[in-house]
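The values are calculated or read from the model by the stated rules, or taken from the named source; none is laboratory data. Worth saying up front: this structure is predicted, and the values here are computed from it rather than measured. Quick reminder, even Gly has a Cβ in these numbers, built from the backbone with ideal geometry, and neighbours come from all protein chains shown. Side chains are part of the model used for accessible areas, which takes the heavy atoms of the whole protein and leaves out ligands, DNA and RNA. Shrake-Rupley method; radii C 1.70, N 1.55, O 1.52, S 1.80 Å.
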Amino acid sequence: GRIAVRAEAIAIGMAAAEGDTDIEAIVAVNRHGDVVDPCGTCRELISDYSPGAFVILPSQQGEVMVPVTTLLPNKYMR
């Protein structure tokens, strides 16, 4: 099936085109402005371009910031 274009991919692609992929933190929001979990493809993309990045996630207590590496345990390395 076809994968939809995600905001994370566009943001990272634009940054990479300018030579900057050193992401400190990244957050995904839906059209209502609610923080949402990035999909697996976006988690891998973030990790590939900036393995030291933090991802802001929703939680019961509010947003939390976690290292992207915790979202991809035992990540496949090319």
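Taking every residue in region 27-39 that is more than 15 Å from M65 (Cα to Cα) and pairing it with any residue that is open to solvent by less than 50 Å² (accessible area, probe 1.4 Å), at least 6 positions away or on another chain, the pairs with Cβ-Cβ distances below 6 Å are N30/V36. Against the numbered list (1) in contact with a Pro (Cβ under 8 Å, 6 or more places away or on another chain); (2) touching a residue at least 40 places away in the same chain (Cβ under 8 Å), F54 comes up short only at (2).
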